[in-house]
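Input: a single structure, listed below in structure tokens.
The values are calculated or read from the model by the stated rules, or taken from the named source; none is laboratory data. As the structure is a computational prediction, the values presented were derived from the model and not from experiment. All Cβ positions, glycine included, derive from the backbone under ideal geometry; neighbour counts span all protein chains shown. Heads up: the accessible areas ignore ligands, DNA and RNA and are worked out on the full protein's heavy atoms, side chains in. Shrake-Rupley method; radii C 1.70, N 1.55, O 1.52, S 1.80 Å.
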Amino acid sequence: MAKRVAIYPGSFDPPTNGHLNLVKRGTQIFDQVIVAVAESTSKRYLFTTEERVKLWKQLLKGAPGVKVETFSGLLVNYVESKNSNVILRGLRNVTDFEYEIQMASTNHTLNSRIETVFMMTEGIYSHLSSTLIKEIVMLGGSVKGMVPPLVERELKKRLVRKPSARNKTKQ
Ligand code: ADP
């Protein structure tokens with residue numbers, strides 16, 4: 001029987017515990033899940049493509065049934081090049097649904113062999129978004145439990161400003 005491969009595409013800037021949960025659940029349904037990190041284009045990312053791939057690889061630590069790759073250009077073309085016909089996406093809320101339904105229909109129009117499969121986000125992760133997480137870190141808050149410790153460390157390195165000697169107020 002042919003291997004069932006699902007492509008899980010996204011920006012993952014950075015990967016969150018919600019993303020990780022989805023991959024884990026995906027591997028229980030598909031023989032292989034390929035995490036497809038979108039290459040930086042016009043969108044401005046905090047982490048470069050290479051950094052986002054590295055983060056994923058460290059988080060997955062060679063877990064069976066998962067692979068991390070990058071993609072650029074039309075997603076449907078990338079999916080076909082991987083001998084897959086499934087795009088895996090997560091749904092957190094109605095806002096996600098409205099955007100996703102448009103994407104799924106467009107991709108199906110571009111290539112009718114390809115289906116988008118949605119998984120509902122597990123409750124505790126449904127409020128997590130990479131954007132919000134970056135904002136929390138920037139404002140000095142803790143994102144413990146929202147992202148793996150490795151991701152939190154990398155976020156702090158980039159977003160938390162250490163007071164420089166020059167800016168210190170004179171006593
Ligand atoms: P994109 O830029 O493609 O929206 P994201 O990195 O934000 O990429 O998300 C990639 C995928 O992960 C999307 O299907 C999104 O719905 C899903 N996702 C985002 N946040 C969560 C979460 N907290 N739990 C589960 N899935 C999520």
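Each listed q (0.09, 0.10, 0.15 Å⁻¹) maps to a log10 I(q)/I(0) for the chain, found by the Debye formula over equal Cα scatterers with no solvent: -0.34, -0.41, -0.86. Charge dipole (Cα centre; +1 on Lys/Arg Cβ, -1 on Asp/Glu Cβ; no other charges) of the chain amounts to roughly 1080 debye.
Only four residue types carry charge here, +1 at the Cβ of Lys and Arg and -1 at the Cβ of Asp and Glu. Report the dipole size of segment 75-161 about the Cα centre in Debye, rounded to the nearest 20. Walk me through the numbers before you get to the answer.
Values: 11 positive and 9 negative charges, 112 e Å.
In debye, rounded to 20, segment 75-161 gives about 540.
Among the protein heavy atoms, those of Leu74 account for about 90 Å² of accessible surface (1.4 Å probe, every chain in place). Considering only the other residues whose Cβ falls under 10 Å of the Cβ of Glu51, what net charge follows from Lys and Arg at +1 and Asp and Glu at -1? My count for the surroundings of Glu51 gives 0.
Think of a 1.4 Å ball rolled over the protein heavy atoms: the chain then has 62 Å² of accessible area per residue.
Scaling against 2.2 N^0.38 Å puts the C-alpha radius of gyration of segment 99-142 at 1.71.
Kirkwood hydrodynamic radius (Cα pairs, Å) of segment 58-152?
15.8
Counting only protein heavy atoms and using a 1.4 Å probe, the accessible area of Glu135 comes to about 90 Å².
Karplus-derived 3J(HN,Hα) values for segment 13-29, using 6.51 cos²θ - 1.76 cosθ + 1.60 with θ = phi - 60°, are 10, x, x, 10, 5, x, 4, 4, 4, 5, 5, 4, 6, x, 5, 7, 10 Hz; glycine and proline are entered as x. Computed per residue of the chain from DSSP H runs no shorter than four, each worth -39500 (n - 2.57), the mean residue ellipticity at 222 nm is -11500 deg cm²/dmol.
Any aspartates and glutamates with Cα under 15 Å of the Lys57 Cα? List them, leaving off those in the same chain fewer than 8 positions away. Cα-Cα hits under 15 Å: Asp13, Glu69, Glu154.
With contacts taken as Cα pairs under 8 Å and at least 6 residues apart, the chain reaches a relative contact order of 26 percent.
Looking at His127, Leu59, Asn85, which one has the Cα that reaches farthest to the positive end of the dipole of segment 43-155 (charges on Cβ: Lys, Arg +1; Asp, Glu -1)? It is Leu59. How large, in percent, is the carbon and sulfur part of the accessible surface of the chain at a probe radius of 1.4 Å? Whole-percent figure for carbon plus sulfur exposure: 53.
Given the pairs Lys67/Lys157; Lys54/Lys156; Lys67/Lys144, which span a C-alpha to C-alpha distance of over 23 angstrom in this model? Pairs exceeding 23 Å: Lys67/Lys157; Lys67/Lys144. Summing charges over neighbours of Ala104, with a neighbour being any other residue whose Cβ is under 15 Å away from its Cβ, gives -2 when K and R count +1 and D and E count -1.
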